[in-house]
Amino acid sequence: MVDIRRYEGFAEIPIERYDGLLIDLDDTLYRYEPCHRTGIDAAFSARDLGLDASSFARRYREARDAVTARLEGQGACRSRLFAFQAMAETLGLDHGYDIALELDHAYWNAFLGAMSVDVEARDLLIRCQRHDLPVAVVTDMTAEVQIRKLRQLGLINLVDYIVTSEETGREKPHPSMFEAALRKLNIRAGRAVMVGDHLIKDIEGAASIGISGALVVLKEVVA
Ligand SMILES: [Mg+2]
């Protein structure tokens with residue numbers, strides 16, 4: 001039976017009921033927004049495009065929205081490289097693709113440098129390892145970036161598999177994402193649990209093929 005619950009913390013998730021654990025990455029294993037802001041600042045500083053910071057941020061947002069709409073549902077719809085490329089082309093800059101690569105590298109290097117793992121989430125993965133529970137990260141994004149994030153967070157030894165939307169060609173909540181994870185873990189849906197911060201994408205998506213859900217929202221960090 002599919003069991004869907006909201007938990008106040010990762011420590012409350014009863015992993016011993018399951019044979020395998022699926023888990024989201026962004027805003028589940030770390031907090032996205034401060035890393036993104038750091039990345040945008042770095043991209044802005046990487047090259048003078050003749051824009052002030054707020055125009056840069058607005059142009060970037062518009063370009064990303066256009067890329068997201070054009071490639072909706074595919075992993076590449078989240079490509080920062082494509083967003084920066086579209087932005088440079090809209091600005092009429094020469095060799096926009098080359099500028100885009102420079103901005104993309106600046107963005108991700110700064111983003112990754114600003115990441116810190118959610119300690120409770122890591123403790124959950126350690127608990128899985130102690131119980132011999134295999135773990136698959138199920139995430140909407142291009143694969144290289146998500147693997148770099150797992151490295152940066154120091155989670156490689158705690159995560160057995162990753163499924164990205166770039167790999168499946170569909171984003172959560174599409175069942176393909178969760179079916180791919182079950183195949184890799186070699187477990188049945190009824191013996192799996194999906195942990196994530198997004199009710200529709202993570203929890204309802206998994207539930208649509210019979211996977212139980214644990215909704216956990218990262219607590220606000222008080223600066
Ligand atoms: Mg998330």
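Within the set Asp202, Asp132, the sole residue that is of a type in the set (D, E, K, R), modelled with pLDDT of 95 or more and more than 16 Å from the ligand (Cβ to nearest atom) turns out to be Asp132.
Arg59 meets the conditions (1) basic (Lys, Arg); (2) buried (at least 16 other Cβ atoms within 10 Å of the Cβ); (3) within 21 Å of the chain's Cα centre (by Cα) in every case but one. The failed one is (3). Looking only at the stretch 91-147, residues that are assigned to a loop (DSSP other than H, G, I, E, B) and touching a residue at least 60 places away in the same chain (Cβ under 8 Å) come to 10 in all. Hey, can you tell me all the residues within the stretch 26-48 that are within 13 Å of the ligand (Cβ to nearest atom) and not in a helix (DSSP H, G or I)? Within the stretch 26-48, Asp26, Asp27, Thr28, Leu29, Tyr30, Arg31 qualify. When the stretch 160-178 is filtered for residues that are over 24 Å from Arg122 (Cα atoms) and either of a type in the set (Ser, Thr, Tyr) or not in a loop (DSSP other than H, G, I, E, B) (or both), the ones remaining, listed by number, are Glu166, Glu167, Thr168, Pro175, Ser176.
Close contacts from the stretch 197-223, counting a first residue that is surrounded by fewer than 16 Cβ atoms within 10 Å (Cβ to Cβ) and a second that is at pLDDT below 95 and outside any loop (DSSP other than H, G, I, E, B), with Cβ to Cβ under 8 Å and a gap of 6+ residues or different chains, come to none at all. Taking Ala88 as the residue in question, decide whether it is over 21 Å from Leu155 (Cα atoms), assigned to a helix (DSSP H, G or I) and not polar (S, T, N, Q). The answer is yes for Ala88. Would you please name the residue that is farthest from the ligand (Cβ to nearest atom), looking only at residues in the stretch 163-184 that are surrounded by fewer than 21 Cβ atoms within 10 Å (Cβ to Cβ) and touching a residue at least 60 places away in the same chain (Cβ under 8 Å)? Ranking the candidates gives Gly169 first. Inspection of the stretch 13-24 identifies no residue that is crowded, with 21+ Cβ neighbours inside 10 Å and in a helix (DSSP H, G or I). Just one residue in the set Gly20, Gly73, Gly9 is closer than 30 Å to Val193 by Cα, more than 16 Å from the ligand (Cβ to nearest atom) and touching a Leu at 6+ places or on another chain (Cβ under 6 Å); that residue is Gly20.
For the stretch 62-77, a residue qualifies if it is touching a residue at least 60 places away in the same chain (Cβ under 8 Å), surrounded by fewer than 22 Cβ atoms within 10 Å (Cβ to Cβ) and assigned to a helix (DSSP H, G or I), and the qualifying residues are Ala76, Cys77.
Under 23 Å from Leu218 (Cα atoms), outside the structural domain of Ala46 (by TED's automatic domain parsing) and over 15 Å from the mean Cα position of the chain (by Cα): does that describe Arg191? No. None of Ala106, Ala83, Ala46, Ala110 is modelled with pLDDT of 95 or more and either farther than 24 Å from Glu166 by Cα or exposed (fewer than 13 other Cβ atoms within 10 Å of the Cβ) (or both) except Ala46.
Checking each residue in the stretch 136-170 for being among the small types (Gly, Ala, Ser) and in contact with an Asp or Glu (Cβ under 6 Å, 6 or more places away or on another chain) picks out Ala143, Ser165.
Results for (1) among the aliphatic types (A, V, I, L, M); (2) assigned by TED's automatic domain parsing to the domain that holds Arg78; (3) touching a Lys or Arg at 6+ places or on another chain (Cβ under 7 Å), shown as yes or no for each residue.
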| position | (1), (2), (3) |
| --- | --- |
| Leu153 | yes, no, no |
| Glu166 | no, no, no |
| Lys172 | no, no, yes |
| Glu220 | no, no, no |
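The values are calculated or read from the model by the stated rules, or taken from the named source; none is laboratory data. Computed from a predicted structure; not experimentally measured. When we count neighbours, we look across all protein chains shown, and the Cβ atoms used for this are built from the backbone with ideal geometry, even at glycine.
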